[in-house]
Structure formats: C-alpha cells, structure tokens
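Worksheet for the structure shown next.
The values are calculated or read from the model by the stated rules, or taken from the named source; none is laboratory data. All of these numbers come straight from a predicted model, not from anything done at the bench. Every residue, glycine as well, gets a Cβ built from its backbone with ideal geometry; the counts of neighbours run over all protein chains shown. In case anyone asks, the SASA skips ligands and DNA or RNA and just uses the protein heavy atoms, side chains included. Shrake-Rupley method; radii C 1.70, N 1.55, O 1.52, S 1.80 Å.
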Amino acid sequence: MPAMPSSFAEARVDLGAISENTAALARRASPAAVMGVVKADGYGHGMIPAARALLAGGAEWLGTAFIEEALELRGAGVTCPVVAWILPPHAPLARAVAADIDLGVSTPALIDDIAGAARETGRRARVHLKADTGLNRGGLTPDQWPGTVAAAARAEAAGLIRVTGLFSHFACADEPGHPSIAAQISAFHEALEIADKAGLDPEVRHLANSAATLTLPETRFDLVRPGIASYGLNPIPGPDDTGLRPAMTLRSAVALVKRVPADSGVSYGHRYTTDRATGLALIPLGYGDGVPRNATNTGPVQVGGRRRTIAGTVCMDQFMVDLGDDTLGPDAEAVLFGPGDAGEPTAREWAEALGTIPYEIVTRISPRVPRVYDGAG
Ligand SMILES: Cc1ncc(COP(=O)(O)O)c(C=O)c1O
C-alpha cells in the first residue's frame, strides 16, 4: 500500500480513467464534440487536473457554473472554449469577456449587460442563449425566448456579441422514458427554429448531459455536456453496462482498533450496540471530510479487505466499524468507495444506500482530504 501523503486519508483520483471515460463518451457522441464539465472543483476531483484529463481524453470545450471557475481555468493556461452558465447579479462580465469566456444567458437583461461588457473591453462577447425547455431552473422561458433572440441578433449585428451557442438542460434524462424528455426535446427544436428565423447561426447547439449522451442519440446535436459520466459514474440508477470507470477512491488508514464487551453502545448517541464482545476500528474520516452524517449505521466500507457497514454515528472527524473477531494488520486501510475492482463499494452504492445521487457523494468530499493524482492530466 502506498504511503498516505499528508494525513491518514486521501481521495485518489485516477486521471487516466477521466481521460478514458471522456474518450469513450466522445466516440459514442461523434460527430458531436464533447464539453467536459468541471464545475464544483471538477465534481470534487480537482478542477485543473480534471480539466487537463478531460482535454487529454478529447474534450474540446469545458463548462463551469461560474465565471470565477472559468477564470481559474484561464489562469492555469487552459485555452479551449469555456462556457460559464450561472451569471448572478454583479457577475464579473467584463473580466469574462476579456478572458474570452463564453457566457450562458438565462435572463433577457443579460444581453444588454454583456453588450456593455463588450464595449468596455473592446472585445466581442461570446454568448450561449439558454432555453428553459421544462426544467424550470435556469434558462429563458418560452415567453422570453423570441424577444431575447431578437435582442441578441441586434447585438450581434452591432458587432458586440457573437451567439456561439444555443442550449438547454434536461430535468429527467436519468429516468429513461420520463415523459418530460420528449417534451423538452420538442421544445428545444422549437427554440432552435425561432433562433434560426431570427438569423442566428450558432457554432454549437447543445442539450445532452451524461444521461442523455449515454441513452438519447437524438439529443447530441453539435456538442454534448457530460459531467458525472466523465468521472466514471453512470447517473442512471440500476445495473450499469456503460463500462465507465469511477475515477475517485476515498480511503484512509485505520487509526486504532480496540476490543469492547457485548452490549457496548458505540459513538455519539449510542446508535449502535455490539451484540457480542467484538473489535472496533476507528476510521479517521467524518462529516468534516464530507462523509455524510446520515451514513450512520448505513454507509458501506471495506476494512482489511472485507465489506462492512459503519457502526454508529458518523462524527465530524471519525466513524467506527465493527470488526467482529477479525484482526487487522498494521497497514490495514478502509476504502469507502472506489472503482469496485477489489470488492470495495462504489460511489453509486453509497448513493443508493443513502438515498442520494453519486454526484453528491464525490462532490462533497472536503478540501481537508488531500487529492492524490494517478496518471498524467
Ligand atoms: C447546464 C449543465 N450542463 C451539463 C451538466 C452536466 O450534467 P451531468 O453531470 O448530469 O452530466 C450540468 C450539471 O448539472 C449542467 O448544469
């Protein structure tokens, strides 16, 4: 077992897996191009190394939620097109335009704001108009779409912006067959037609997230935006035949092992009681590291090569595992999740056990856990 770098625990990130997953998605989506999604610190994997691995795997675009994330990519020398799609009031539009960051537009007022940023910087702004086709989150409503398209066409004619993209986002693509999927596809086609009639000629039309990239070929258009799948996690619950390889492994050394008698209450609140004299292992990872507290008595973990379940309450820095009569070697480790090769749980299993999604399991691992990278990014 390689030494733990700076603490007991680490999140090991297999950059080769990110590249290979991306290459597999690119083959599937071809001739559509791939936008790698690196928001939220690359879904917890580390934004810059993840971005490099995505680009190495064939992604030609990158996507972030916020301009600040996109600026960080530029600061690290990333030169490909980068789209930031959440622009709250006072977002640094001029800095984004100066850094050649594509801006996702979800409100009509942003056309004027971005045109102003273009005047200020003396550069033409790159804009992606986002249609709300039924997610009812970000995006221009069907009422707002024609007017905003017309305003964008005028700003384009004035040389202030270039509409590089038209896009939308699914609500339920991870539930194959959900009736909203067909409705959103048809609403997106209508939005494209309105833009076409207004004279817009974008470089890319894009709709597909991971689930759609995997299951809905008709939604690939010119560009797909898989996020979670690039990190090796199929967002569609149930059996997984995608061949994607989970990139993150969360593991820790075992901090101590002790024997306790039968009937011992374990950890805060005594929510677990030993049913016999047994060995307990302390794993120094807790909710301060991003292990969900509701993994109490539920989270699967492999300790000393065997599958077990967290015993008792997950604390801020630690949790316990009941070993029974098993003995552990001095270098024994706990693996909370990984690719599953050696029988360890996966983030998908964690999500299922906790009633959440694998996105949350990997993204919430806190900065206190060092990321250690395998492979070139
Ligand atoms: C606009 C947009 N596109 C693409 C993605 C990637 O989604 P997923 O990780 O499900 O592939 C997200 C993530 O939430 C998003 O907000």
What number, in percent, do you get for the relative contact order of the chain if the mean sequence gap of Cα pairs under 8 Å and at least 6 apart is divided by its residue count?
19
Share of antiparallel DSSP beta bridges in the chain, in percent to the nearest 5?
50
Alpha-carbon centroids, the range 304-377 and the range 137-151: separation in whole Å:
44
Taking placed amide H atoms and a strict 5 Å upper bound, the residues 5 or more places from TYR373 or on another chain that come that close are VAL13
When the chain is fully extended, how far beyond the present Cα-Cα distance does HIS178 get from ARG364, taking 0.36 nm per residue of separation?
64.2 nm
Amide H of ARG162 versus every other amide H placed in the peptide plane: which residues, excluding those fewer than 5 positions away on the same chain, fall under 5 Å?
ALA125, ARG126, VAL127
Using θ = phi - 60° and the Karplus form 6.51 cos²θ - 1.76 cosθ + 1.60, what ³J(HN,Hα) does each residue of the range 205-216 get, whole Hz, x for Gly and Pro?
10, 9, 9, 7, 8, 4, 4, 6, 4, 6, 10, 10
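Among ASP196, ASP240, what's the order by accessible area (1.4 angstrom probe), most exposed first?
ASP196, ASP240
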Take GLU120 and GLU218, extend 7 Å from each Cα along the Cα→Cβ direction, and tell me the distance between the two endpoints in nm.
4.3
Net dipole in debye of the range 1-108 [+1 Lys, Arg Cβ; -1 Asp, Glu Cβ; about Cα centre; nearest 20]:
160
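Using only the Cα atoms of the range 31-231, build the gyration tensor, take square roots of its eigenvalues as a ≥ b ≥ c, and label the shape rounded, prolate or oblate: rounded if a/c is under 1.5, else prolate if a/b is larger than b/c, else oblate.
Verdict is oblate for the range 31-231.
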Could you go through the range 233-244 in sequence order and give the Karplus-derived ³J(HN,Hα) for each residue, using 6.51 cos²θ - 1.76 cosθ + 1.60 with θ = phi - 60°, rounded to whole Hz, and x for Gly and Pro?
10, 6, x, 8, x, x, x, 10, 10, 6, x, 5
HIS90 versus GLU352: modelled label distance in nm, points set 7 Å from Cα along the beta carbon direction
4.5
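For the range 31-231, give the magnitude of the charge dipole about the Cα centre (Cβ charges: +1 Lys/Arg, -1 Asp/Glu; no others), in debye to the nearest 20.
Values: 16 positive and 22 negative charges, 79 e Å.
Dipole about the Cα centre, nearest 20: 380 debye.
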Among the lysines, select those whose C-alpha is under 25 Å from the C-alpha of LYS197, and discard any that sit fewer than 8 residues away in the same chain.
LYS130
In degrees, nearest ten, helix 47-56 long axis to first principal axis of the chain (Cα):
70
Dividing the helical contributions, -39500 (n - 2.57) per DSSP H run of n ≥ 4, by the residues of the chain yields a 222 nm value, nearest 500 deg cm²/dmol, of -8500 deg cm²/dmol
Just reorder HIS189, HIS128, HIS270, HIS178 by solvent-accessible area, largest first, 1.4 Å probe, all chains present.
HIS270, HIS189, HIS178, HIS128
In the neighborhood of ALA115, defined by Cβ-to-Cβ distances under 14 Å, what is the net charge if each Lys or Arg adds +1 and each Asp or Glu adds -1?
+2
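Give me the compactness ratio for the chain, meaning the Cα radius of gyration over 2.2 N^0.38 Å.
1.12
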Within the set of other residues whose C-beta is less than 11 Å from the C-beta of VAL372, count the net charge using Lys and Arg as +1 and Asp and Glu as -1.
0
With +1 assigned to the C-beta of every Lys and Arg and -1 to the C-beta of every Asp and Glu, and no other charges, what is the dipole magnitude of the chain about the Cα centre in debye, to the nearest 20?
460
Computed lengthening from ASP201 to HIS270, 0.36 nm per intervening residue step minus Cα-Cα distance:
18.5 nm
Show the residues, 5+ positions off or on another chain, whose built amide H is closer than 5 Å to the amide H of LEU223.
ALA33, ARG205, LEU207
What three numbers, in Å, describe the spread of the alpha carbons of the range 218-284 along their principal axes, ordered from the longest?
63, 23, 22
Looking at ALA51, SER106, LEU140, which one has the Cα that reaches farthest to the positive end of the dipole of the range 1-143 (charges on Cβ: Lys, Arg +1; Asp, Glu -1)?
ALA51
Three principal axis extents, largest first, for the C-alpha atoms of the range 1-133, in Å?
57, 38, 28
So what are the ³J(HN,Hα) numbers for the range 363-371, from phi and the Karplus equation (6.51, -1.76, 1.60; θ = phi - 60°), rounded to whole Hz, Gly and Pro as x?
6, 7, 4, 7, x, 5, 8, x, 8
